[in-house]
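Enquirer: Before I ask anything, let me first share the structure, which is written out below as structure tokens.
The values are calculated or read from the model by the stated rules, or taken from the named source; none is laboratory data. Note that the structure is a prediction, hence the values are computed from the model and not measured. Cβ: placed from backbone, ideal geometry, glycine included. Neighbour counts: every protein chain shown.
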Amino acid sequence: MKPAEVLSSGVSLRPAVRSDGEEFTDILAVEEPLEIRLGFADGTHRAISITMRTPGEDGELAAGFLFTEGILKSRDQFRQIRHCGLKIGSGSGVVDRTSAINSNTIRVDLAADVDVDLGRLERHFYTSSSCGVCGKASIDTLRTEIKPIENDRLAVSRDVIHALPTRLRETQSIFDQTGGLHASALFSSDGKLDLVREDVGRHNALDKVIGHKFLNDKLPLSDRVLLVSGRASFELVQKALMAGIQIMAAVGAPSSLAVELAAEYGMTLAGFVRDGRFNVYTRPDRIL
């Protein structure tokens, strides 16, 4: 069989054989490692994480990861984001995948007067695409920067929640081709789609969404509803809380720890949003 061919759209072509023996070319989601590095004012830089991700929006992914980990708090704390050896721009978060096809290392250059707490990143260096929380030094560390939700004015109707998965699926072009990607999407309170990102890693998809808003000074996201295509894990709830999201819905099941965290900080968390039904586990008063 022919070797796989990687395309620039986050998918690859791979020869395969059906169960009846027929050879064909399948379309797969690309999964590649991304090393995230911090660049300091003295010219040194340090690798802080490797994650398996679908290439594209790497600048957003790096920015979102650093924000949700509590390393970056504002846009003016870094000068630029670049693939190593390739300048991407002053924090636009846009990566030219065609010219950066072989670049799997991205660097965030800090501003001169920024002093970051690298102790917050005490974790295993390698992060798989399926579970970003594995290797955390302490669950308590994740809670350090999270603040209880104070603005309770956001509310949505049941019909809006019911409609979210369909509206998300209508935008998932790569999922339609591969069936192998997670997605995170932001909606307005009336159900209008604001932003969607796909990735082989559910935590990466959410980091890309939050990173996009962070790079454009659009945080907190207190007026947005978040939908994730898979289950609601502890880490996804933590990231959503860092971004100020009040209502989070998941197509799949929530974990017990995710529900505990959502309840502790005042988030509305809904699960099993599919087939015309859903369950609300915390703060159901926001669902009209």
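Enquirer: Which number in (1) over 16 Å from Asp199 (Cβ atoms); (2) among the small types (Gly, Ala, Ser); (3) at pLDDT 90 or above; (4) part of a helix (DSSP H, G or I) marks the one condition that Gly59 misses?
Expert: Going through (1) over 16 Å from Asp199 (Cβ atoms); (2) among the small types (Gly, Ala, Ser); (3) at pLDDT 90 or above; (4) part of a helix (DSSP H, G or I) one by one, Gly59 breaks only (1).
Enquirer: Pull up the stretch 16-31, narrow it to residues that are in contact with a strand residue (DSSP E or B) (Cβ under 8 Å, 6 or more places away or on another chain) and at pLDDT 90 or above, then point me to the one that is farthest from Ala183 (Cα to Cα). I'd like the intermediate steps shown before the answer.
Expert: First pass over the stretch 16-31, keeping only residues in contact with a strand residue (DSSP E or B) (Cβ under 8 Å, 6 or more places away or on another chain): 16-18, 23-31.
Okay, now just the ones that are also at pLDDT 90 or above, so 16-18, 23.
Details: Ala16: 26, Val17: 28, Arg18: 28, Glu23: 30 Å.
By that ranking, first place goes to Glu23.
Enquirer: Do any helices (runs of 4 or more DSSP H) entirely within the stretch 173-288 hold 1 or more residues that are more than 23 Å from Ile81 (Cβ to Cβ), and if so, which?
Expert: Details: elements: 173-178, 202-215, 234-242, 256-265.
It comes to 173-178, 234-242, 256-265.
Enquirer: Considering every residue within the stretch 90-110, establish whether at least one is in a loop (DSSP other than H, G, I, E, B), at pLDDT 55 or above, surrounded by 12 or more Cβ atoms within 10 Å (Cβ to Cβ) and of a type outside the set (Phe, Trp, Tyr).
Expert: Of all residues in the stretch 90-110, those in a loop (DSSP other than H, G, I, E, B) come to 90-104.
Now drop any that are not at pLDDT 55 or above, which leaves 103-104.
From the residues that got through so far, the ones that are surrounded by 12 or more Cβ atoms within 10 Å (Cβ to Cβ) too are 103-104.
Among the residues that remain, those that are also of a type outside the set (Phe, Trp, Tyr) are: 103-104.
So far as the stretch 90-110 goes, yes, one or more of its residues are in a loop (DSSP other than H, G, I, E, B), at pLDDT 55 or above, surrounded by 12 or more Cβ atoms within 10 Å (Cβ to Cβ) and of a type outside the set (Phe, Trp, Tyr).
Enquirer: Checking Ser74 against (1) at pLDDT 55 or above; (2) surrounded by 12 or more Cβ atoms within 10 Å (Cβ to Cβ); (3) small (Gly, Ala, Ser); (4) over 19 Å from the mean Cα position of the chain (by Cα): exactly one of these is not met. Which one?
Expert: (4)
Yes/no per residue for (1) over 17 Å from the mean Cα position of the chain (by Cα); (2) surrounded by 24 or more Cβ atoms within 10 Å (Cβ to Cβ); (3) modelled with pLDDT under 95:
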| site | (1), (2), (3) |
| --- | --- |
| Gly211 | no, yes, no |
| Asn216 | no, no, no |
| Val225 | no, yes, no |
| Met248 | no, yes, no |
| Gly271 | yes, no, no |
| Asp275 | yes, no, yes |
